[in-house]
Each structure stands twice: as structure tokens, then as C-alpha cells.
1. Collect residues whose amide H, placed 1.01 Å from N in the peptide plane, falls under 5 Å from the amide H of B:ALA23; neighbours closer than 5 in sequence don't count.
2. Of all the C-alpha pairs in the range B:98-200, what % are more than 24 Å from each other?
3. Measure nothing but the geometry: give the 0 to 90° angle between the long axis through the Cα atoms of B:109-122 and the longest principal axis through the Cα atoms of chain B, rounded to 10°.
4. Run through the other copies and list how far each one's label point is from that of B:PRO346, in nm with one decimal, shortest first; the point sits 7 Å from Cα along Cα-Cβ.
5. Output ³J(HN,Hα) for the range B:202-207: one whole-Hz value per residue in order, computed from phi by the Karplus curve 6.51 cos²θ - 1.76 cosθ + 1.60 with θ = phi - 60°, and x for Gly and Pro.
6. Taking the alpha-carbon distance from A:LYS25 and a cut-off under 20 Å, which aspartates and glutamates remain once sequence neighbours fewer than 8 residues away in the same chain are dropped?
7. Taking amide H positions as placed in the peptide plane 1.01 Å from N, state which residues far from A:LEU306 in sequence (5 or more) or on other chains have amide H under 5 Å from it.
8. Which one of A:PRO279, A:ASN72, B:VAL144 has its Cα pushed farthest toward the positive end of the charge dipole of the protein assembly as shown, where Lys and Arg give +1 and Asp and Glu give -1 at the Cβ?
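None of the figures in this text is laboratory data; all of them are computed from the coordinates on show. In this text, all values refer to a predicted model and were calculated from it rather than measured experimentally. Virtual Cβ from ideal backbone geometry, glycine too; neighbours counted across all protein chains shown.
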2 protein chains.
Amino acid sequence: MIRSLFDLPDGLLYFAGHSLGPAPKLARARLLETVDAHWGARQVRSWTEADWMGLAERIGGHIADLVGARANEVMVADSVSVNLFKLIAAVCAIRPKRSEILVEADDFPTDAYVAASAAAALGKTVVLAPRQGLAARLNHDTAVVITSHVHYRSAHAQNMQALNSQAALVDAPVIWDLSHSVGAMGVELAAHGAQLAVGCGYKYLSGGPGAPAFIYVSQDMQRQLRNPIAGWMGSADPFAFRQNYVPRAGAAAFASGTPPILSLIALEAAVEVIAAAAPDKLQEQARENGQAFIDAIAPHEAQLGLTRVSPIISAERGAHVAYRHAFAPAIVKALEAESVIGDSRPPDLMRFGFAPLYVTAADARAGAAALLRVLRSGIYRDKRFAA
Amino acid sequence: MIRSLFDLPDGLLYFAGHSLGPAPKLARARLLETVDAHWGARQVRSWTEADWMGLAERIGGHIADLVGARANEVMVADSVSVNLFKLIAAVCAIRPKRSEILVEADDFPTDAYVAASAAAALGKTVVLAPRQGLAARLNHDTAVVITSHVHYRSAHAQNMQALNSQAALVDAPVIWDLSHSVGAMGVELAAHGAQLAVGCGYKYLSGGPGAPAFIYVSQDMQRQLRNPIAGWMGSADPFAFRQNYVPRAGAAAFASGTPPILSLIALEAAVEVIAAAAPDKLQEQARENGQAFIDAIAPHEAQLGLTRVSPIISAERGAHVAYRHAFAPAIVKALEAESVIGDSRPPDLMRFGFAPLYVTAADARAGAAALLRVLRSGIYRDKRFAA
């Protein structure tokens, strides 16, 4: 618990870290330093003097520690959508005879959107299957599989090792979307046989709104894949301005254009805060928080019209907990009036994220009590909370 | 001349705006507001309350004014590299039988790198030609043409209308890279028949290091092209979380993932500063600056070992001026010691950018005088200026 390191108003129970993590105070300080002492005072010279050139790779090294990867296997670049496209196209290039891109149905929309547009551009076919049915759809025509570790709605945490093993039988790599796990869950990419992954910088990582994403390419895959969007920042020596592309070593070859430095500066501050905060304890705290919330709600669920969507078993759950209720959007607004910030997703889902960095089990219990109060009072039916 | 609106040290002659524009003071103020009052105090609620959702499209509207486009034809997104890839893939999808991607040889490397990797992914062939030879290589197998408006080395400004007309004869759209013209040159995309373009946010636009780029898709092309990296931010209603992709209206359909808001905030401040500064006068001032520099150097060029690379005629030149000299890198360092900031590009090129927003003709003459002093004194041979 390092809540004091974040800019969070006193008394606010912030359960939306699965959507946008709060601002680390260090991010503010670093941004000011960058604008004043680097961009302001030294302008273009800061690319080398402040090592903006090495920033994305350096942050990748920190994130690698959080996801069980080697430092040169993770690069910060672009968005989850763009990185996902790169990996799909790169794998399809080495599986030219395979026609299917197998995608988890009902996953975060961008993943399915990107898969569909990539399939159209590359002459492939998207096959959709629910996460429990992915393994059954694997075959020797499967070029690549796309799924998330923790589901953005249910918080169901998938068994990464099992699916990787099954996909390996048909030699189809899985691209894991870690957006709803990194920074809150234990992720063991190498130990669990993962070859490819993407993830978000602005949820539990708290890197700031729209913070750049990351891309994981295992050393084995680095030997096989080429970046389909080979921009100059993925080249070995950008300032040589060579006409022939020579990729950088490691996952850094999957960078494309110049990264947004101001946003990277905030992300770097955030991952440094996490790195200094016993990251091996994150998952334990997140699960304790989620369980405290679930246990406090459970006896009253049915009576109050709530349906729990998330797994009750901690080991199968990410760091948020989701419920369905016919008035979900209004309930979330009524909770906000009580300084409890969750979110709703159409049509009837509420999510409460229990980021281990700034939420305690006591906070989770206080949040559950607030939810029960709101439901029992019926105040959420007040017209000021209508959509 | 609005130098006072930028954070530039007194006495510094900053001629590197073609590489990284200096910090607008407004960008600092807006970043602090965003970190404190929005991300800090209101967290995830700022997506709607501070209209982060509309930010990229809003900035696109400002940039549209600078490049002679309609507001809904320009979207801010990703990097030049990624946007270029999107346009190449989108055009190739509607020209399935055409095999050639015609690319300007010796242009900014990222353009050729992206063209080559896109060609590999899409099964096309890259054909390279010098900019003067592009028109001659057009044929009915040309799917798309990629070239820059102002060349990053020579500053040669291409006749946009002429090439668009010639390419139209074989029905091949030209993708214009405006990186070295936007914010300093008059660009008339619509009037000159341009259908597609990309451009950089951090050079003359002064949007901050690695600021997001922009993409221009004419209304005519919007009806034909689909974004090959169809992320959720390019969808009509991202927070509906629909499983089927419905594109946003206008060039905004070419957004992909969540944009880096902190970097966008700085870029928005920068384009507002430019919009308030008589943007129709930019090109005139830039040309006057460049001509003042060229005229001051011309009588001494040969004697001092300088070879001018940029066109002497203002109408054929962008906002920077380039020279070759065997000791270019050392000369640039020696100039820096005199508070004159230019840059060098291997092996022997020096560039001096005369951004109209914070450089006057008097500054350009003072810079030329400094260059002549450095060359005449031979101080650049001092070992402290060695590479």
C-alpha cells in the first residue's frame, strides 16, 4: 500500500484502476523536469542528454520484471491496438499457408476489431470462439490465437500455461493481451510458455491517460518475426539515416515511429513507483481486496438484484470484480456521490477494480458497505443518477 | 514572431525547429492543469469531463486549417510511421491487382522502411525513384506513391499539384509526408488535389518530443478506404463496446488505439499558439528568414568549403537551409558553443531551420555571421568539437 505516492483526494475510494490508474506524484515531478529542464532549456539536445532515445526500452525493462520476461523481450511502443496488429501480421508472414486467426469472442472490442481489419488486409479469416472454447478450435490452419489473460468484463483469469501448451501442439503462437492484469496480477510469461503479448500502460500501471502500450516478443520469436511497421525507431541506429532497414536487437525492433516522450515520462515514473513497491506482493493484495468485497456482498446479492459475474475463487480472478444489475449505470453514479469510484459497461455491468497499490482490504469492505447502502436505500433510482 | 510565447533561453538562436520545436509556455500550463485538475483530481472521469475523448479530433481540426484541408479530413493519431502504414495498406486493399508501391529514394528513412515492411506484409513490390523521377515511373501497376513535400535534407519543396495530376492519370493516390513543411510552409492539400497525407507534430508544430502525428484522408478517399488497424478509438462509439466495428465519421476512422493524452495536451497548446499567430504569414516569414541566411553566406561559400544543398529560389524551398561541409558535425558543435543551434546529418550535412514563429530575418543573419566566424576562425577543428 503506497497510496500516499499517488495524487488521490482524501477519502476517495478509487476502484477504477482497471480503467485509468491515478496519477503518481512522481509523474508530475518528472513531467515538470522534462518540460522545464529538458524540452524547455535544452530542446532537441535532450534526445541524447536526457536519454529520450533509451526511454521506451528502459521502461520495457521495468515492465519485463512485472510479467516474468527478460528485459530485452519487452518494448514500450504505440498502443495495444497497433502492437496487436504488428504481432498478427508478423506471425501471419511466417505462417503463409495458414488461413485462420483465432480470436476470443466477447473479448475487449479493440482486439476483435484489429483482428478483423488485419485479416482483411492480409487475406486471412477470423474465427471467433469463447475463451473456454479456444483450445477446441485449434487446428493446423490456425496461424495465431488472440486472447486476454484477465477478461475486461468478468475478470476471469485464464490459465496461460494450459492454452500455450495446447496451441504449441499445432505450432500456433498465442498473443496474450495483458491489459487487465499487468501491475495487479502475477504474470509469468516465460515460465508459462508465452511467446507473444501486448499490454496497456494506463490501467493498473498508472502511466497516465492513453499511456503508450508494451509489446512482448520472446527471444525465440525475435529470431523468427519481423516488424511489419518497420519505422526508424525500430532500426539499429536511427540517427545514421540509412536507407536500408537494420532492426534493433531484441523486442525493441518492434518499435515503429518516434514515441510520445511526455507520455513516456509519466509511464516511467509510474513503473518506477511500482518497481519500488514489492511487486511480488501485488497479486496477493489484489486478491485479498477482491475477496473482501465479494465476501461482504455475497450474503445480500440475490436480495438486492445483484448477479456476480466474476469467479468466486481468487486464483481464477483478476484484480477487479464485476456484477450485473438492471440499474448498473445509475448505481455507479450514486456511488460516485459517496466518493466511491467504479465504472459501468453496457448494458448492465458494474466493475470495481481493487488495485493493490492504493486500495486495502478495508477500503474494499468500505466500498462494499457503500454499495449495499445505495442498493438498500434505492437512491440510485433518483433522477439525478439517470443516464 | 511570437518568440515570447515559447520557453527559449535569452540569446539562443534556435535553428532546429525542423527537428524538435521549442516548448510553448502554454503547453506547460496545460500539462499542469491536466495532471493536477484532471488526471489527479478527477481521474478516469476526465475522459468525458475534460473531453479527452474529443482531443485528437479537435487538434486535427486546427491542423486542417494549416494544410488547406476540411476539419473532418485530418485526425491526430499514432506516429508518421504507423499512419503511413495504414494509408499504404488501405490503398493496396482497393488496388488489389496493382503490385507496385512507388517510393521516393533517399527520402526520410522511416518512409522507405515502412513502405518496404508494408510491401512484404501485403505481397507488393517497392519501386524506388528520385523525386524528380517519380512521375516517369508511374504506370498502371502503381498502387500508391509515397513522397515528402519538403525534403528532410535538401529542403526542396515539391510541386504538389503537378505530381498529384500526373498520378491521377494512372489513378494512383500520392501519400504526402508533410513532416518538414507543416507549421512553417503554406500547404494547400485540397486545392492542389492531394488525397492522402501524413505529418509530424513535433517539428515546426512544436507539439513536444515525439508528439503524435496526423493523418489526412480527403472526403473522397474516406468513402473508399478502410482503416487496416481498426482499433476501438476509430470506432463510432467506443464506450458502447460493440463486438462489430462501425467506423467513426471522417478521418477520425483512422484512429486506432487510445491516444497518449499528455502528449496530445502539449500538441493542442502548440497548435492553438500557431492558430492565434497569423498562420497565413508563416511561409512568407520562413522564406524571408531562409533567404536572409542564404544571402549572407553566398559570397563566402566556396572559399569556406561550403556547398549549398537547398534551392536558392524561395518558392522551391522549405523552411530550413542545408549545406555540405567536410566538418559539418564539428561545425554544428562549435556553433552550439556560440548559442546557435542547428543540426548535422551524416556524413557531411548541416541544417538550419528558420521556423517563422520564433526566428526573425535578423536572427538568421546573426546565425549566418556566427557560421562565417566559426568557419573563418577554424575553431571547429578544436578537439572538443570532434565527434
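1. Under 5 Å from the amide H of B:ALA23: B:ASP7.
2. On the way: 782 of 5253 pairs.
In whole percent, the share of Cα-Cα pairs in the range B:98-200 beyond 24 Å is 15.
3. Taking the Cα atoms of chain B, the angle to B:109-122 is about 30 degrees.
4. Sorted ascending, the copy-to-copy spacings read 5.3 nm.
5. 10, 8, 5, 6, 6, x
6. Here the aspartates and glutamates satisfying the reach criterion relative to A:LYS25 are A:ASP7, A:ASP10, A:GLU33, A:ASP36, A:GLU268, A:GLU272, B:GLU33, B:ASP36.
7. The list, which skips near neighbours in sequence, is empty: none.
8. B:VAL144
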